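To keep things clear, I will list the structure first and then write my remarks on it.
The values are calculated or read from the model by the stated rules, or taken from the named source; none is laboratory data. Because the structure is a prediction, the values reported are computed rather than measured. Methodologically, a virtual Cβ is constructed for each residue, glycine included, from the backbone with ideal geometry; neighbour enumeration extends over all protein chains shown.
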Amino acid sequence: MGVYEAVIGLEVHAELNTDTKIFCGCPTRFGQEPNTQVCPVCLGLPGVLPVLNQAALHKALKAALALNCHINQWSRFDRKNYFYPDLPKNYQISQYDLPLAEHGYLEIEIDGKKKRVGIKRVHLEEDAGKLLHEDTGGTRDRFSMVDYNRTGVPLIEIVSEPDIRSPEEAKEYLENLKTILQYIDVSDCKMEEGSLRCDANISLRPAGSKTYGTRTELKNLNSFRAVYRALAFEIKRQSEVLDSGGAVEQETLAWDDARGVTVKLRGKEEAHDYRYFPEPDLTPLQITEEILSGIKEGMPELPQQRKDRYMRELGLSAYDATVLTRSKTLSDFLDDACRLGAEPKAAANWLMGDIMRILNAEDKGIEDTPLSPGHLVEMLSLIDDGVISGKIAKTVLEEMLFTGKTPNVIVREKGLLQISDASALRTVVEQVVKDNPKVVDDYRSGKEKALGFLVGQVMKHTKGKANPQMVNSILKEVLDG
């Protein structure tokens with residue numbers, strides 16, 4: 001980029017995890033047969049009236065409070081008018097000039113430096129349906145169908161200020177936002193199911209300038225990786241346009257993830273294009289202090305609060321605390337393990353190391369496995385008591401993750417008990433020393449690394465079952481004797 005500065009704002013839609021839709025009693029379960037979770041209200045049939053779901057309102061208020069927003073005492077719903085097959089009423093009930101909450105912020109950290117990204121607004125609205133495109137052959141065999149199950153599912157739209165300056169900051173913002181929404185249990189944030197969606201607005205301006213450039217809007221960003229790649233591509237594309245003396249056009253672009261490029265969808269809409277006007281079938285919202293006090297009292301521990309607690313009470317480093325609190329399920333697991341008696345640092349190391357390695361390879365979360373905090377605590381006790389070695393524990397862990405069996409059962413079934421018989425280990429040690437005279441000479445001439453090789457040979461002969469501390473002690477005794 002060099003001479004240009006990126007100016008980025010993100011618009012995030014999060015589906016609220018209520019049991020029913022925002023203005024009717026239809027269920028919100030994902031993955032049901034098309035058009036089986038609909039009624040006259042969410043289908044927009046004549047003569048129906050919407051009724052606000054109080055659970056959706058309370059979840060939206062929780063999100064706004066967690067994002068440090070000012071809650072407006074009065075807000076209202078508006079009709080956002082546009083025509084598209086997935087919108088049965090030809091308008092969306094949303095909020096425009098009087099939103100639920102405004103003027104918040106979210107903190108991010110890049111390369112050790114903290115930064116506040118402003119939250120312009122948080123408002124409630126209903127979701128649209130979903131188009132299903134089919135192509136069974138030639139041009140005449142292409143058609144689209146509409147599934148209205150998603151129509152009317154409650155959404156919050158979280159609009160950031162244009163405070164983001166790089167794809168890295170955008171990704172960090174989204175990861176922090178997702179974590180917060182999961183901690184307060186307002187959305188499952190499953191991007192693969194469409195319950196967390198992001199649009200990005202981006203423009204470039206000369207470095208040091210305070211004037212905004214012409215912005216483009218990026219759609220179809222269905223993963224954090226897509227957001228990062230799309231923004232990086234658009235920065236490069238707009239830079240090349242400006243460097244060549246051209247002008248960036250204000251337009252809406254789609255991200256083609258397979259090709260790694262943005263493609264034009266249409267000219268960028270402005271607010272007046274939607275012809276907003278107040279929703280006549282819903283009364284304005286009045287948020288009283290009594291409502292807010294009840295929600296504040298029920299607010300759970302937020303990610304930053306949990307991170308501070310881990311550093312203060314569990315003695316974890318800032319890095320460890322950050323990694324663990326990024327996932328609510330992982331940090332919940334750690335909390336439960338510590339309550340059952342696990343040493344915090346040992347439990348944290350296993351969670352961040354072998355457990356996360358296996359989960360990432362399987363593309364699973366810890367909640368998708370039969371592993372329990374009690375299993376981990378039992379395994380750590382077996383290590384501390386010298387029943388199994390750290391190496392054997394890795395085998396035990398994998399078996400626990402895939403079968404749900406307890407560590408004691410696995411150790412017994414697989415014959416994994418650690419060898420702590422001094423005489424048996426001495427026999428193996430003496431054989432290893434006899435078989436490796438050059439390495440023994442290296443050790444006796446001052447090469448300490450040679451001892452590690454000999455320890456490894458003993459562990460190999462015992463299939464990892466030897467007590468490492470006893471092996472070291474006996475080896476030194478034999479070599480120095």
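A few remarks follow.
- In region 269-314, residue modelled with the lowest pLDDT [restricted to those that are under 30 Å from residue 342 (Cβ atoms) and either in contact with a strand residue (DSSP E or B) (Cβ under 8 Å, 6 or more places away or on another chain) or of a type in the set (Phe, Trp, Tyr) (or both)]: 304
- Region 213-266 - residue that is modelled with pLDDT under 90 and touching a Ser or Thr at 6+ places or on another chain (Cβ under 7 Å) and, of those, surrounded by the fewest Cβ atoms within 10 Å (Cβ to Cβ): 266
- Any helices (runs of 4 or more DSSP H) falling wholly within region 385-481 and containing at least 2 residues that are touching a residue at least 40 places away in the same chain (Cβ under 8 Å) and of a type outside the set (Val, Ile, Thr): 390-403, 422-435, 468-480
- Note on region 1-52: residues that are of a type in the set (A, V, I, L, M, F, W, C), farther than 30 Å from residue 71 by Cβ and part of a loop (DSSP other than H, G, I, E, B) total 6.
- Within region 94-105, the set of residues being surrounded by 21 or more Cβ atoms within 10 Å (Cβ to Cβ) and either out of contact with any His (no Cβ under 9 Å at 6 or more places or on another chain) or under 19 Å from residue 53 (Cβ atoms) (or both) comprises 95, 99, 100, 101.
- Of residues in region 66-109 being in a loop (DSSP other than H, G, I, E, B) and of a type in the set (Ser, Thr, Tyr), the one farthest from residue 283 (Cα to Cα): 84
- You will find that of 112, 118, 129, the residue that is without any contact (Cβ under 8 Å) to a residue 40 or more places away in the chain, small (Gly, Ala, Ser) and over 18 Å from residue 287 (Cβ atoms) is 112 and no other.
- Test: residue in region 53-65 that is assigned to a loop (DSSP other than H, G, I, E, B) and either touching a strand residue (DSSP E or B) at 6+ places or on another chain (Cβ under 6 Å) or surrounded by 14 or more Cβ atoms within 10 Å (Cβ to Cβ) (or both): yes
- Region 143-234 holds strands (runs of 3 or more DSSP E) entirely within its bounds, and those carrying 2 or more residues that are closer than 27 Å to residue 259 by Cβ and not β-branched (Val, Ile, Thr) map to 196-206, 216-221.
- Among the candidates 201, 176, 149, the residue that is in the same structural domain as residue 56 (by TED's automatic domain parsing), of a type outside the set (A, V, I, L, M) and within 30 Å of residue 34 (Cβ to Cβ) is uniquely 149.
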